[in-house]
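Inspection log for the structure reproduced underneath, given as structure tokens.
The values are calculated or read from the model by the stated rules, or taken from the named source; none is laboratory data. Only a predicted model underlies this, so the values are computations on that prediction, with no experimental measurement involved. No Cβ is skipped: glycine too gets one built from the backbone with ideal geometry, and neighbour counts run over all protein chains shown.
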Amino acid sequence: MYPIDFFYRSARLRPQAIAIKSGSEQVRYGELAARVDALAAAFQALDPAQQSRVGICAPNSVEHIVALLAVLASGKIWVPLNPRNSAAELNRTLEVTIPSIVVVDDKYREGLRLDSVAHVVSARGTHAASLADLVSQYAGCTPAPNTASMDAVQAIKFTGGSTGMPKGVMQPYRAWKATLVNQIHAYRFDEHDRYLLASPITHGASTYILPILAQGGCHVVPEETSPHTILRSLREDGITTSFMPPTLIYMVMAAGEEAGQREFPRLRHLVYGGAPMPPEKIRAAQKFFGPVLATTYGQTEAPQIVTFISAEELAREENIGSVGRMALLADMAIKDTEGRILPGGEVGEIVVRGDLVMAGYWNMPDKTAETIVDGWLHTGDRGFLDERGYLYLRDRLREVIITGGFNVYPIDVEDVLTRHPAVHESAVFGIDDDKWGEAVHAAVQLKPGQQVDAQELIAFAKEALGSVKAPKRIHFYESLPRSPVGKVQKDAVKREVRAQIDLQH
């Protein structure tokens, strides 16, 4: 049973149920299945080869969901192309993956090198044959059966690429299926769930598409993803679940405070991910939205849900810093630098094995061999398990700051800085230093209208952490640089700060 088959089963059982709502448009399961069948047959007619690649560059929309499901149904490989990324990054992805079909929204065509793509299809527009044209042309057709193994690749998703060359993560059918089962088991999705697509389908939100459809639920696609629009949809569209990066959650909270709106009658799961959320921010979000905040731990190489902590668990103060316990179809351990599994309470690298693990990096066999060792995926993240099996993250291996012989974990310092009433967000990193080896630096974005000087913040951190872990310098930013999905680009900040220091010397 392939991941797409879970959707088809729901379509047979509940053909009249609403699968997607976008503005005034409502698409029922039976109609959606017919569109997906027709488009999948069209993709196969355009390129009969199984496991050929299809790129999709479009904002969240009904058309985007139909195109994604059709790629899955046609036995091809999905290559997500986030339209918020630079043209250079998108063109590199096209060059590396060589898709035979690219679905692109007309407004994102500019700058894309599509001359070598055999078939360009407009998601919405007139520059090429459109999805609607293909669905109409192949209406009533069904795609040829998929014969690929569960180890075959379903998607190639590129990592952020903030350092070095971005890596194309090959996610196999088995990983998608394991993710689907993990999500349904963790959240107990059913036909009453309404999922708000507030973050890009090209990223973490995509992992919720099939689990919701598998259970007969409905996806709600907002006309835009402004904080006020999301706030209104959470309140008025009966939303039960949504996934957002922390930055977007903060923006929605600010919009709600401004409008005096904080009633969300059906919301059960507001899942944050993509970046850590400090304890003070977690408490603030729980106060604003109610006891609905949940989170997962995973990465592109082990999609989305290696561990899970429910809203009920996260509401308990003893769990406030945890990302939960292992998901149903996940196996995880903590290892030391010699590859030995560590007992509870000891910090080491988080490793994962099982169906959830990627097939490897696209055209990077050496990097794959470095990352998957004896069946274990080495995540590059550090953490520890407590006696109850709850995972607590420390930091990326490369982000540990060694200052004066002591290890400093940036997340610890960021947690403290965020407690200061003037601080909106911070990014902590190490800078080479003749005296300390590395000195702790912090880039800080203040809340609107707030003021605080560097020495006050350093003293605030020293009181909580001691002088070793407290930042030696504070760098104020009106707005911290972010990736297209809202993550603070710590490496970009670090490069800027280092360049400024070099100029001063």
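Some observations on this one:
- Across region 287-321, the number of residues qualifying as of a type in the set (Asp, Glu) and buried (at least 24 other Cβ atoms within 10 Å of the Cβ) comes to 1.
- Residue-level check: of (1) within 21 Å of Gly204 (Cα to Cα); (2) at pLDDT 95 or above, Ile282 misses just (2).
- Candidates are the residues of region 341-366 that are more than 20 Å from the chain's Cα centre (by Cα) and of a type in the set (A, V, I, L, M); the one that is nearest to Val323 (Cα to Cα) is Val347.
- On inspection, Ile501 passes the criterion of being at pLDDT below 90, outside any loop (DSSP other than H, G, I, E, B) and of a type in the set (Val, Ile, Thr).
- Of the candidates Glu349, Glu318, Glu312, the single residue that is touching a strand residue (DSSP E or B) at 6+ places or on another chain (Cβ under 8 Å), acidic (Asp, Glu) and not in a loop (DSSP other than H, G, I, E, B) is Glu349.
- Check on Ala459, in contact (Cβ under 8 Å) with a residue 24 or more places away in the chain, assigned by TED's automatic domain parsing to the domain that holds Phe476 and either at negative phi or among the aliphatic types (A, V, I, L, M) (or both): no
- Of everything listed in (1) out of contact with any Ser or Thr (no Cβ under 8 Å at 6 or more places or on another chain); (2) in the same structural domain as Val169 (by TED's automatic domain parsing), the single unmet condition for Val352 is (1).
- Listed by position, the helices (runs of 4 or more DSSP H) inside region 123-214 whose residues that are touching a helix residue (DSSP H, G or I) at 6+ places or on another chain (Cβ under 7 Å), aromatic (Phe, Trp, Tyr) and assigned by TED's automatic domain parsing to the domain that holds Asp105 number at least 2 are 173-187.
- Residue list for region 215-265, filter: of a type in the set (S, T, N, Q), surrounded by fewer than 17 Cβ atoms within 10 Å (Cβ to Cβ) and not in a helix (DSSP H, G or I): Ser226, Gln261
- Inter-residue pairs, beta-carbon under 8 Å, first surrounded by fewer than 18 Cβ atoms within 10 Å (Cβ to Cβ) and in region 15-26, second among the small types (Gly, Ala, Ser) and assigned to a loop (DSSP other than H, G, I, E, B), 6+ apart: Ala17/Gly216
- Residue-level analysis places Ile334 among those that are in the same structural domain as Leu180 (by TED's automatic domain parsing), touching a strand residue (DSSP E or B) at 6+ places or on another chain (Cβ under 9 Å) and either more than 23 Å from Leu356 (Cβ to Cβ) or not basic (Lys, Arg) (or both).
- Within region 425-471, the residues that satisfy the criterion of being charged (D, E, K, R) and either modelled with pLDDT under 90 or surrounded by fewer than 17 Cβ atoms within 10 Å (Cβ to Cβ) (or both) are Asp432, Asp433, Asp434, Lys435, Glu438, Lys447, Asp453, Glu456, Lys462, Glu463, Lys469.
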